[in-house]
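Novice: My structure is below; once you've seen it, I'll send some questions.
The values are calculated or read from the model by the stated rules, or taken from the named source; none is laboratory data. On a predicted model such as this, the values are computed, not experimentally measured, just so you know. Neighbour counts are summed over all protein chains in view; Cβ atoms, including those assigned to glycine, are modelled from backbone coordinates with ideal geometry.
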Amino acid sequence: MVNDSLPPNQRRFFLTIILGGLSTALAVVAGWPLFRFLSPDTGGADVEIVEIPRASVDVGGAHFLTYRGRPVVVLQKSAGEFAAFSAVCTHLGCIVKWVSDPGEFLCPCHAGRFSTDGAVLGGPPPKPLEPIPVVLAGDLLRIG
Amino acid sequence: MKKQPAALIHLLLLCLILVGLPCLAAAAEETVCLQCHGGQPGPLGEPVPLWRESVHQGNGISCHDCHGGDPTDFTMAMSPERGFIGVPGEDEIPAFCGRCHVGVLEDYRASAHGQALGAGGPQCVTCHSNHRIQRASIDLINPQDCSQCHEYGRAEELRQAVSGTDALISGLETDLAELHRLGLDTEQLSGTVFSSRNDFHRLFHSVDVEKVRFKTAVFAQDLGKVEEEIAGIRDELGQRKLWGGVIVVLLVLTGLCALLIHKSYKEESGGD
Amino acid sequence: MSPLKRLVDYLDVRLGVRELVRQNLTGYLVPRRANFFYTLGAVLLALFSLQVVTGILLLIYYRPDAANAFASVQYIMNEVPYGWLIRYVHVVGSNIIVIALLLHMLSVLFMGSYKKPRELTWLTGFILFNLSLALCLTGYLLPWSQLSFWATTVATDAAGAVPVVGEMAVQFLRGGAMVGEATLGRFFALHVMGLPLLLGAVIGLHLFLMRRVGISRPPFGPEYEPPAPLLSFRHEEHPDGIPFFPHYVAKDLAAIFFFLAALAWVVFYAPALFIPPAALEPADPFVTPPHIKPEWYFLWAYQTLKIFPSKVIGLAVQGAFMTLLAVLPFLDIGPERRPAHRPLFVTCYFLGILLMVAISIWGHYS
């Protein structure tokens, strides 16, 4: 071997560098599967459109469902008039509740209130609820 | 040394639990049918060893599943009250087997073979034999058997029409079994192949060459999808091996490197 | 002044790290002639760590209940990215650990390293061996396959042969009359929490004893002299030895990487080696699969039970054998460690190994 002509400490210097390089390569080769193993599940995030039967939303009522891995609420304001919003409060991310009596959304965490259009009625939320497209197709509601 | 006996008892118990692996319980209990007929000479005992080598035995189909009766009761085992059927007459055989093999029965009945039943036409047992029944294979269509009744020519034509798809199905079954052995989830693909196989096997009981040729395209399409998926899985397994090779080589090199470092120290300090 | 030096200074003032390093790493001298077998302890530490890491990762997706366990393992193997890799490393790793444990024990036996003053080190090591086998056995049930179910049924059933308390012992092991949901719960708790904690603690004790007493000098070569009888505690020093760090650590690392290479080779090229076909079918309590065999390291025990006409005798023979191994340092009290000067022991040693291998092969083909 070529190395044998070098004094041991010099040889060791090179060997240590090679060892470091190989260990780094191994760490990368082992790290990638680990990263992929722990990567978040897309959990249906690639599903563009969710369909639910029209009957599952009462007139003047709300229906909660999961769309792209996040909670969404569908509202039937009056017969045949639908709206959908992200159910995540824009304040600190709690899930809003539907209060049918005054007909508005209430966030149970810090009493943020939203109208049936998603607009802020009171409390700390900085922005309106994010609207989600919803259309009526026959007996089905198409969300997204 | 004082605490030693207690420690010993613990160890002993641990050992007893760990090393105890006795022989396995005997195989499943035998039905009274097998117990009695198994020891009989002549035709009454003949079916038992034949059945033991059959595909029915492998799939847990026993005497009473076809012949009826009570497999748990010596005295009433062969009583018609308990549903005993006994040996079917030759004309009754298709109905007898068709209780389970429904699709095949349907296509057979409509075929030239089925139409000729009772007039010298073949029934199930003619080609498949009875107790030592095996998984159907294309070799059942052969000059010796077919020319018992008619010229082999038309049978050969059918065999030609069937053989491609049949080989494809067997090949896919082998491939899937191999992938399953490696821990891959092949349930869905196996299901597709299994149902294609069943449909295909019932199809050629119609012994209608034109019909078989016509439908072969449909089977080829379904099976082609399975073939593609298997190729995809194979490809990924190949990739795994490639990367595995890289990792093994890297590990060996790293080990060698550490060993050479150790050696350099040894030389420096005089070694031995 | 470099930041590293400042950090070391900071720690040195508070914890005396430089002294620690000198005492345990650079100034800690180990025998110059320590051979390959001396690295097996380090290899085992690395392999156990790998089991802990892969085990925690598997826990993320594994479901410990009879209805979902098999499906969750299938999910890990087929759906989770690189789940197959993590699981194979865990499965193959457990088998490599048993191999390394056997080599470790056999080398200690051959070199007589278990002798005074290291009897307790041997005893803790023997306990570690048993704990590892218990981890194997409990881990075997978790995938809830046909193999898991029936191997566990058979293994727990053996305890029933113990007179008087046998039946109760079986029920306690299983948490019921038969292997089922309750067994899975117990084995899961033992496999992921109880046994690993115990194993960690005993490993700590084993290492403490090894470090406190000192590494034994290999009993080979012309310069080896049997030490004078030990009358009071004395740490075995090796003034002519090599520093543990970095000299010896480099050798440990080499052995660790070679073992990992072997593990990787099996994982990528023969992953089914330790996974029989019955492990691929979900557990069915009503169908006993034919030809179920225990893992290779239990084959000798399996076959012993078949040889003897009664289970009690078979169990007693196994118990006696294991007990003999456990207390060997207390029976074999002569100071001589050189194999060439212990012809009787070495003969028994090789005959014993041959017998075990033969019985295991017999068990495999019977």
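Novice: Name the residue that is surrounded by the most Cβ atoms within 10 Å (Cβ to Cβ), counting only residues in the range B:244-269 that are part of a helix (DSSP H, G or I), at the interface with chain C (Cβ under 7 Å from one of its Cβ atoms) and among the hydroxyl-bearing types (Ser, Thr, Tyr).
Specialist: The residue in question is B:THR254.
Novice: OK, next. Please work out which residue is surrounded by the most Cβ atoms within 10 Å (Cβ to Cβ), limiting yourself to the range C:104-132 and to residues that are within 10 Å of the chain's Cα centre (by Cα) and away from chain B (no Cβ under 14 Å).
Specialist: My answer is C:HIS104.
Novice: To continue, here is another question. Give the number of residues within the range C:133-168 that are facing chain B (nearest Cβ under 10 Å) and within 22 Å of C:LEU101 (Cα to Cα).
Specialist: The total comes to 5.
Novice: Same structure again: How do the strands (runs of 3 or more DSSP E) wholly within the range A:35-144 filter down when requiring 1 or more residues that are among the aliphatic types (A, V, I, L, M) and in contact (Cβ under 8 Å) with a residue 40 or more places away in the chain: which remain?
Specialist: Of the strands (runs of 3 or more DSSP E) lying wholly inside the range A:35-144, those with at least 1 residues that are among the aliphatic types (A, V, I, L, M) and in contact (Cβ under 8 Å) with a residue 40 or more places away in the chain span A:50-53, A:62-67, A:70-78, A:81-86, A:134-137, A:140-143.
Novice: Within the range C:215-237, count every residue that is at pLDDT 90 or above and touching a strand residue (DSSP E or B) at 6+ places or on another chain (Cβ under 9 Å).
Specialist: 1
Novice: Filter the range C:61-84 for residues that are assigned to a helix (DSSP H, G or I) and either modelled with pLDDT under 95 or within 13 Å of another protein chain (Cβ to nearest Cβ) (or both) and give the result.
Specialist: If the condition is that a residue be assigned to a helix (DSSP H, G or I) and either modelled with pLDDT under 95 or within 13 Å of another protein chain (Cβ to nearest Cβ) (or both), then C:TYR61, C:PHE70, C:ALA71, C:SER72, C:VAL73, C:GLN74, C:TYR75, C:ILE76, C:MET77, C:ASN78, C:GLY83, C:TRP84 are the ones that fit.
Novice: Could you figure out which of (1) surrounded by 15 or more Cβ atoms within 10 Å (Cβ to Cβ); (2) more than 30 Å from B:LEU184 (Cα to Cα); (3) of a type outside the set (Ser, Thr, Tyr) isn't true of C:ALA320?
Specialist: (1)
Novice: If we keep just the residues of the range B:153-185 that are of a type in the set (Gly, Ala, Ser) and surrounded by fewer than 19 Cβ atoms within 10 Å (Cβ to Cβ), which is nearest to the other protein chains (Cβ to nearest Cβ)?
Specialist: Restricting to residues being of a type in the set (Gly, Ala, Ser) and surrounded by fewer than 19 Cβ atoms within 10 Å (Cβ to Cβ), the top hit is B:ALA177.
Novice: Is it the case that B:LYS241 is loosely packed, with under 15 Cβ neighbours inside 10 Å, within 7 Å of chain C (Cβ to nearest Cβ) and over 30 Å from C:PHE244 (Cα atoms)?
Specialist: So B:LYS241 fits the description; yes.
Novice: Now for a different question. Among the residues of the range B:136-152, write down those that are in a loop (DSSP other than H, G, I, E, B) and surrounded by 15 or more Cβ atoms within 10 Å (Cβ to Cβ).
Specialist: Result: B:ALA136, B:ILE141, B:TYR152.
Novice: Yes or no: B:ALA112 within 21 Å of B:GLY58 (Cα to Cα), in contact (Cβ under 8 Å) with a residue 40 or more places away in the chain and not hydroxyl-bearing (Ser, Thr, Tyr)?
Specialist: Against the criterion (within 21 Å of B:GLY58 (Cα to Cα), in contact (Cβ under 8 Å) with a residue 40 or more places away in the chain and not hydroxyl-bearing (Ser, Thr, Tyr)), B:ALA112 does not qualify.
Novice: Would you mind stating whether C:LEU230 is more than 10 Å from every other protein chain (Cβ to nearest Cβ), among the aliphatic types (A, V, I, L, M), part of a loop (DSSP other than H, G, I, E, B) and touching a residue at least 24 places away in the same chain (Cβ under 8 Å)?
Specialist: Numbers: more than 10 Å from every other protein chain (Cβ to nearest Cβ): yes; among the aliphatic types (A, V, I, L, M): yes; part of a loop (DSSP other than H, G, I, E, B): yes; touching a residue at least 24 places away in the same chain (Cβ under 8 Å): yes.
It is true that C:LEU230 is more than 10 Å from every other protein chain (Cβ to nearest Cβ), among the aliphatic types (A, V, I, L, M), part of a loop (DSSP other than H, G, I, E, B) and touching a residue at least 24 places away in the same chain (Cβ under 8 Å).
Novice: Determine if the range C:268-277 includes at least one residue that is modelled with pLDDT of 95 or more, within 11 Å of another protein chain (Cβ to nearest Cβ) and part of a helix (DSSP H, G or I).
Specialist: Taking every residue of the range C:268-277 in turn, at least one turns out to be modelled with pLDDT of 95 or more, within 11 Å of another protein chain (Cβ to nearest Cβ) and part of a helix (DSSP H, G or I).
Novice: So, C:GLY241, is that one within 11 Å of another protein chain (Cβ to nearest Cβ), at pLDDT below 95 and either more than 26 Å from C:PHE126 (Cα to Cα) or surrounded by fewer than 19 Cβ atoms within 10 Å (Cβ to Cβ) (or both) or not?
Specialist: Yes; evaluated as a whole, the condition is true for this residue.
Novice: Test A:ARG113 against the stated conditions and say whether it is surrounded by 12 or more Cβ atoms within 10 Å (Cβ to Cβ), modelled with pLDDT of 90 or more, under 30 Å from B:ILE247 (Cα atoms) and among the basic types (Lys, Arg).
Specialist: No; evaluated as a whole, the condition is false for this residue.
Novice: Do we have B:ASP107 as outside any helix (DSSP H, G or I) and either surrounded by 17 or more Cβ atoms within 10 Å (Cβ to Cβ) or at pLDDT 90 or above (or both) here?
Specialist: Criteria not met by B:ASP107.
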